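Below you'll find the structure, written out as structure tokens, and then a few comments.
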Amino acid sequence: MEVKVERQIRTGLNGDEAVAYAAYHADVDVIAAYPITPQTIIVERLSEFVHDGLLDAEFIPVESEHSALSAVVGAAASGVRTFTATASQGLALMYEILYIASSLRLPIVMALADRALSALINIHCSHDDAYAARDSGWIEFFAENVQEAYDLVIAAFRVAEDKNISFPAIVNLDGFILSHSIEPLYIYEGQDVVREFLPRREPIVKLDPDKPVTIGALALQNYYIELKRAQAEAFEATPPYIRKILREYSEFSGRKYDFIKKYMIDDADIGFLVLGSTAGTMRHVVRKWREKGRKVGLISLTLYRPFPVDDLRDAVKGLKKLVIMDRSYSFGSPYAQLYMDVAATLYDEPEKPDLINVIYGLGGRDFNEYTAEEMWEKINRPGVKKIWVGVRGD
């Protein structure tokens, strides 16, 4: 597969517009939409593409997010390519259908403009909604910038529709930080270019009145646990196929994608682990700290579910300390969500770094060099295991 940089256009888009162009270039067939900040621009742009005749798709304006995901479940079961988008309370309203979509193994792609869950009412970035979906059986990617938001949506269609995978996929982009920020990026010249990487979907099973099948049948105690184990084993078997597709997309696009990204981590004593747009800030911080003689490095995750266990275990070897940065909080748990994933991943390792959990950036609170310095001072206090940074009056 040839690199096609010459068949790409350099432009400027915000994250929502980039996601809309990705779904358009993926030649999606059915879009079900309900507006919610900060993802509304995505479905607005897609409605314009359909109205203007650029995209030959069915655009369904539904009455709620629950209905939006229900509509694409039905459409995906019929064998067509489907897309939706939401955020925060919208994802919460979809929650019932999240599990149905993954249990039915339907290759839906959803963009999630990460936003804090109420109350208090907040329209800015937390990873509350991304973490809320983590146990539902959806593949989850995190975009670090607008280019990645565009690329990962296209790759997600190929991943979800692969016959060795056949699970729905979420592409997370930080609300407002990415969804409403204009950045330079490359997009493809059109659907014909993308089709070389993403051919038309070939459904495994599809609804057909002339060939009736049962989808989502009743399963009580006599079969339910066996079916859930089969789903779990199928989900756990997906990483090699996901990696293969990401590598093929890297070759196709000329931009490298894998499960994790490492920066100055190989000789570091202290590593920082992040999701989403904070990776860019922390990369800048790590460079500054290296100039001060601090042996630090960064790990950021592109794939969050399934959790990249082997990649992370390999990446943290040699670290004395690993700082896990969570943009959310798990009430009642001793630590926040990403920390728990990492702690479980490293539990049986004979040698592992000391772990520290940092809670930061909730509700869109800015994380910058000054917050990073506060974090540095706190993580180097004796015996510290969990800290909050950027909190007024702290």
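Just so you know, all these numbers are worked out from the coordinates, no wet-lab data involved. These numbers come from a predicted model, not from an experiment. Heads up, the Cβs are rebuilt from the backbone with ideal geometry, glycines too, and the neighbour counts pull from every protein chain shown.
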So is Arg158 in contact (Cβ under 8 Å) with a residue 12 or more places away in the chain, under 16 Å from Gly361 (Cβ atoms), buried (at least 20 other Cβ atoms within 10 Å of the Cβ) and charged (D, E, K, R) or not?
-> no
Checking Lys288 against (1) over 21 Å from Tyr370 (Cα atoms); (2) surrounded by fewer than 23 Cβ atoms within 10 Å (Cβ to Cβ), which single condition isn't satisfied?
-> (1)
Selection from segment 276-315 of residues that are part of a helix (DSSP H, G or I) and closer than 30 Å to Ala237 by Cα | Thr278, Ala279, Val309, Asp310, Asp311, Leu312, Arg313, Asp314, Ala315
Working only within segment 121-135, note down all residues that are out of contact with any Pro (no Cβ under 9 Å at 6 or more places or on another chain) and touching a residue at least 40 places away in the same chain (Cβ under 8 Å).
-> Asn122, Ser126, His127, Asp128, Asp129, Ala130, Tyr131, Ala132, Ala133, Arg134
Hits in segment 316-365 (condition: more than 17 Å from Ser300 (Cβ to Cβ), within 19 Å of the chain's Cα centre (by Cα) and in a helix (DSSP H, G or I)) = Met340, Leu362, Gly363, Gly364
Restricting attention to segment 218-235, which residues are closer than 23 Å to Ala169 by Cα and loosely packed, with under 10 Cβ neighbours inside 10 Å?
-> Glu233
Could you check segment 109-206 for helices (runs of 4 or more DSSP H) lying wholly inside it with 1 or more residues that are farther than 23 Å from Gly254 by Cα and of a type in the set (Phe, Trp, Tyr)?
-> 128-132
Out of Thr82, Thr37, Thr86, sole residue that is of a type in the set (Ser, Thr, Tyr) and either within 28 Å of Glu248 (Cβ to Cβ) or more than 18 Å from the chain's Cα centre (by Cα) (or both) = Thr82
Scan segment 33-54 residue by residue and report those that are surrounded by 16 or more Cβ atoms within 10 Å (Cβ to Cβ) and in a helix (DSSP H, G or I).
-> Thr40, Ile41, Ile42, Val43, Arg45, Leu46, Ser47, Phe49, Val50
